[in-house]
Each structure stands twice: as C-alpha cells, then as structure tokens.
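The values are calculated or read from the model by the stated rules, or taken from the named source; none is laboratory data. Everything quoted here is computed from the prediction, not taken from an experiment. Here the Cβ positions follow ideal geometry from the backbone for every residue, glycine too, while neighbour counts run over all protein chains shown. In case anyone asks, the SASA skips ligands and DNA or RNA and just uses the protein heavy atoms, side chains included. Shrake-Rupley method; radii C 1.70, N 1.55, O 1.52, S 1.80 Å.
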Amino acid sequence: MHYRVLIIGSGPAGLTAALYAARANLNPVVIRGLQPGGLIATTDEVENYPGFPDAINGFDLADKMERQAARFGTTFIDGLVEQVDVSEHPFRLTTDSGDTHTADTIIVATGASPRKLGVPGEAEFANRGVSYCAVCDGFFFRDKRIVVVGGGNSAVEEGLFLTRFASEVLLVHRRDQLRADPIIQQRAFNNPKMKFVWDTIATEITGNGKVNGIRLQNVKTGAEEVVAVDAVFPYVGHIPNTALFTGVLRMDENGYILTDGRTRTNVPGLFAAGDVVDHVYRQAITAAAEGCQAAMEASWYIDNLDAQAVGTETVSEGLGQW
Ligand code: NAP
C-alpha cells in the first residue's frame, strides 16, 4: 500500500498527528507498535490532560484519541515496523507481518521507554506500587513512604515532586554523588522530606499484592537491608525507541532524534514528534502538540512535492533547510 502520511507509533503524538493529517484529507495510516496507545495507555488515571476535569483513565484517553483520528479517515495497522528504507522517495517500510508499505512522508512517534531496574518484583508490582511517572501516580501515595531510584535530573526532580504527597522520599543512588544539576541537588538537600541513601542499589522489590518494601544493597560494604516502603519510582533514565533509525537520523548522544524545532529531521519528508524527541517535558499534552506540528509540516511537505511534480512553484512552507 502507498500512503501520503505514515505514522509510526500510537501514543498521543502519533494519534494527534493522525487526527490532523486525516482532517487534511491525507488518509494517514498509523502502525500501532508494541504498546497501542503509548505509555499513557498504561496509566491508571490522567488528571492533567485538559478537558477532563474529573480525570480520565489513560487507556480511555488513548482510545478516544484513536477514535477521533479514525472518524476522519485514519487507518490503523497492528504491528511493528521492522525495516525502513528512507534512501529514496517514496520511503519503504516492512512490518513484522512481512507487509511492505510505501509513503511520501513518515512521522516517527515511537516514544521512549523507561529504563527498568531489572530486579525481581519490578514487573510483578507494576502499577501496584511500582511506577515510572510521579506526575501521574504520586497523588496515590499521600502520606506514604516512597523510594526513588536514580541520581539524575529526573530522579531528583520527580523525588521533589513526590514530597508534595509523601511523608518521606528516600532517594537511593548507586554512587555518593548525584548526577542532577547542582541547583536541583540543592533544592533536594534543602527539602526536609528528602532522605538520601548513597552507594546503594535496589536488588528486589517486595510485596503482597502491592509493594511493601525494597531490598537494598550497599555497593561498598555489600550489606543488605529490606526497607518498608509503599511505592518505588525508578528513574534510571529513559530509552528512546529509535533503534530503527540508527545511522539514518541525526540523534543526540542519548539516542533522541534531533529536529529543527519544527519536527523536521535531517531526512526531508521524515518528521519526529513526542517522547522520541523530547527528554525534558515527557507529557501527553506536549507530545500531542508536537504530533499536530508534525502533521502540519508533513502536509506542507506534500503540497510542495505535488507542486514540484506538476512543475509549479513551491506553494507553501515545508522544504526548509537546517
Ligand atoms: P540520566 O541523566 O541518564 O540519569 C539516570 C540516573 O540513573 C543516573 O543517576 C544513573 O546513575 C542512574 N542509573 C542508571 N542506570 C541505573 C541502574 N541500573 N541502577 C541504578 N541507577 C542507575 O536520566 P534522566 O534523569 O532521566 O535524564 C535524562 C536526560 O534528561 C538528561 O540529559 C537530563 O539532564 C535531562 N533532564 C533534564 C531535566 C531538567 O533540565 N530540568 C529534567 C529531567 C531530565 P549514575 O549517575 O551513576 O550514572
């Protein structure tokens, strides 16, 4: 099949891109990927997406976005993209079912995955005390004891955010120095609810139906202890889902796709939006906004492609250089 706009990923960025491309009569296709609806669909309650004063379940929010995009003519394909060839136009993709698709434009909205601790109990108690999103789930741990694992900006900032709810936030870090920016560190050191456990790793998350503790090991002495806690928030980095584009798209040292601020990548006709680009905000609303931008850029790019095909002048934005 040939598509004018092919979107990889079905989180808020991909689904918003689909909505805008569909309403521009471009009949987009969304290849849903491993996690239909994206990370937001795994969130119990979303209380910070505008328009839902009584909160909305994350799965329901993604479902509404998908139905809105479908209403205007978006097609959805269940599957994973396994190969992409963007060396010539039209672009060519192959999915895990073996189907090949061609596209005039591609919007990469594959998101990022939280890096896991990889310890026993982590998967078992996911959404039952183990969470990777303080903004989403912190509220559920009012007056509880929370462990945050990690020493980067995310761990320290999210730990600080969690002090709004928690009785105490224990920040467990594998070294005796934080990686976070000094100003953020200082804020954390000044916060009476923040406690620090240095040179320590988590080796197990324990529980009974829900989290009730974490096993910690001091990496210098080898000493182990189980600390009673109600929630564990691992913030040991994110992994952008960009393996498909290694060596093709310009990325930063952490593998996030670099764009020109208008969702355009270094390959003309290939756009990127959402968490695959953004390592700062990582919110559904910012991803959705970028999805909108990417669809508008793709639409302008197609206008120019069509104008060139009939030998007329470039008609709109889109083919800008950077
Ligand atoms: P990060 O900076 O890569 O920090 C990850 C932290 O997790 C590090 O402290 C690391 O320890 C620790 N870690 C990694 N693997 C671990 C493991 N298996 N077990 C225990 N600890 C482990 O990730 P991030 O905090 O998510 O930030 C990602 C990017 O976004 C960074 O560039 C960051 O500066 C940026 N960011 C910026 C802001 C801001 O400017 N306000 C806010 C959030 C994020 P080590 O320190 O020992 O390596």
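List the relative contact order of region 1-105 as a percent without decimals, with contacts defined as Cα pairs under 8 Å and 6+ residues apart.
Numbers: 212 pairs, mean separation 32.3, N = 105.
Across region 1-105, relative contact order equals 31 percent.
Could you look at the chain and say what percent of its accessible area is carbon and sulfur, using a 1.4 Å probe and all protein chains? Write out the running numbers ahead of the final one.
Values: 7510 of 15470 Å².
C and S atoms contribute 49 percent here.
As a test of reading the structure, rank Thr200, Thr75 by solvent-accessible area (1.4 Å probe, protein chains only), most first. Could the numbers behind the result be given before it?
Values: Thr200 10, Thr75 60 Å².
The most accessible residue leads, giving Thr75, Thr200.
Mind pulling the angle between the C-alpha long axis of helix 12-23 and the longest principal axis of the chain? Nearest 10 degrees, somewhere in 0 to 90. With rounding to tens, the tilt is 20 degrees.
With +1 on each Lys and Arg Cβ and -1 on each Asp and Glu Cβ, and nothing else charged, work out how big the dipole of region 171-322 is about its Cα centre, in Debye to the nearest 20. List each step's numbers first, then the result.
Working: 13 positive and 18 negative charges, 166 e Å.
It works out to roughly 800 debye.
Classify region 34-85 as rounded, prolate or oblate from the Cα gyration tensor: take a ≥ b ≥ c as the square roots of its eigenvalues, call it rounded if a/c is under 1.5, otherwise prolate when a/b beats b/c and oblate if not. Oblate.
The label point for Asp99 and the one for Asp78, both projected 7 Å from the Cα toward the Cβ, are 1.2 nm apart. Each of Phe139 and Asn218 was given a label point 7 Å from its Cα along the Cα-to-Cβ line. The distance between the two points is 4.0 nm.
Return the FRET efficiency for the residue pair Ala55, Asn25: r is the Cβ-Cβ distance, R0 is 30 Å, and the value is rounded to the nearest 0.05.
Details: r = 34 Å, r/R0 = 1.14.
Once the sixth-power term is evaluated, E becomes 0.30.
Might you tell me the accessible area per residue for the chain, computed with a 1.4 Å probe and given in Å²? That works out to 48 Å² per residue.
In this structure the amide hydrogen of Arg115, modeled in the peptide plane, comes within under 5 Å of the amide hydrogens of Val236, Gly237, His238, Ile239, none closer than 5 places in sequence on its chain. In this calculation the C-beta distance from Val226 to Val310 is compared with R0 = 56 Å, giving a FRET efficiency of 0.20.
Computed over the chain with a Gaussian network model linking Cα atoms closer than 10 Å, the most mobile of Phe189, Phe91, Phe125 is Phe189.
Across region 29-171, the volume of the C-alpha convex hull divided among the residues equals 157 Å³ per residue. The alpha carbon gyration tensor of the chain gives principal lengths a ≥ b ≥ c with a/c of 1.5 or higher and a/b greater than b/c, which makes the shape prolate.
Accessible surface for Trp198 stands near 80 Å², nearest 10, in the context of the full protein assembly shown (1.4 Å probe).
Placing unit charges on the Cβ atoms of the charged side chains and taking the dipole of the chain about its Cα centre, the candidate lying farthest along the positive direction among Val108, Ala284, Ile257 is Ala284.
Charging the Cβ of each Asp and Glu at -1 and of each Lys and Arg at +1, and nothing else, the dipole of region 60-143 about its Cα centre rounds to 340 debye.
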